[in-house]
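Trainee: First, the structure itself, so that you have it in front of you.
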Amino acid sequence: MVCSLKDSPMNLDTDIFQFHHIGVACRRIDSEQRGWSAFGYAPEGGRFEDPLQGIAGLFMTGPGPRIELLEGLPGSNTLTPFLEAGTKMYHQAFEVPELEEAIDFLQQQRAKTLSPPKPAVAFGGRKVVFMMMPTRLIAELIEME
């Protein structure tokens, strides 16, 4: 059951925020894919490129949560800060029924919007937004269909 954030007290109701994946920054998807394959992960669909986000990606599923392997497109610095810091798993993504409502809700929790909502190739043009939680967790919110 999906309910509205307006129906929820100030907590992260699992009916509202549906976990989707963990984002993994990498220099080369092919190399990273081989490493995850050793743990039983396999591609979920094909590779994609998103010039608006400045990334190429590949979703993989296996014995744990779905992961999204991401590498920067030529000329993009989207992932550079994470790669330079040695951070691989850098965001968690959640599908939400009402994107603007979810953004407002998280801003009430002191989250900061890192980039405005924009359509994402990986999700058929549905909008995504990245937010920094006060705990320094980066959350990607994905507009539900």
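Throughout, read-outs are computed from the coordinates displayed, never taken from laboratory work. Fair warning: this is a prediction, and the values are worked out from it, not measured in the lab. All Cβ positions, glycine included, derive from the backbone under ideal geometry; neighbour counts span all protein chains shown.
Trainee: Segment 26-68: D in µm²/s via Stokes-Einstein (Kirkwood Rh, Cα pairs, 4 °C, 1.567 mPa s)?
Mentor: Details: Rh = 10.8 Å.
D = 120 µm²/s.
Trainee: Pull out the extension gain between Arg28 and Thr113, defined as 0.36 nm times the separation in residues minus the alpha carbon to alpha carbon distance; nm, one decimal.
Mentor: Gain on extension, Arg28 to Thr113, equals 27.8 nm.
Trainee: Ile55's amide H: which non-local residues (gap 5+, or another chain) put their own amide H closer than 5 Å, with H modeled 1.01 Å from N in plane and none for Pro or chain starts?
Mentor: The list, which skips near neighbours in sequence, is Asp50, Leu73.
Trainee: Another question about this same structure. Could you grab the relative contact order for the chain? Cα pairs under 8 Å, six or more apart, rounded to a whole percent. Walk me through the intermediate numbers first.
Mentor: Values: 280 pairs, mean separation 34.0, N = 145.
Once normalised by length, the contact order is 23 percent.
Trainee: Let me know the shape class of segment 72-145, please: from the alpha-carbon gyration tensor, a ≥ b ≥ c as square roots of the eigenvalues, rounded when a/c is under 1.5, otherwise prolate if a/b is greater than b/c, or oblate.
Mentor: Verdict is oblate for segment 72-145.
Trainee: Here is a further query. Between Thr87 and Phe48, what length comes free when the chain is fully extended (0.36 nm per residue of separation minus the Cα-Cα distance, one decimal in nm)? List each step's numbers first, then the result.
Mentor: Working: separation 39, 0.36 × 39 = 14.04 nm, distance 2.20 nm.
Taking 0.36 nm per residue and subtracting the Cα distance, the gain is 11.8 nm.
Trainee: Further question: With +1 on each Lys and Arg Cβ and -1 on each Asp and Glu Cβ, and nothing else charged, work out how big the dipole of the chain is about its Cα centre, in Debye to the nearest 20.
Mentor: With Lys and Arg at +1 and Asp and Glu at -1, about 520 debye.
Trainee: Just to check, using Stokes-Einstein with a Kirkwood Rh over alpha carbon pairs, what's the diffusion coefficient of the chain at 4 °C and 1.567 mPa s in µm²/s?
Mentor: 82
Trainee: Same structure, new question: Indicate, rounded to the nearest 5 percent, the antiparallel portion of the DSSP beta bridges found entirely in the chain.
Mentor: 75
Trainee: Would you work out the charge dipole size for segment 96-145 about its Cα centre, treating the Cβ of every Lys and Arg as +1 and the Cβ of every Asp and Glu as -1, and quote it to the nearest 20 debye?
Mentor: 320
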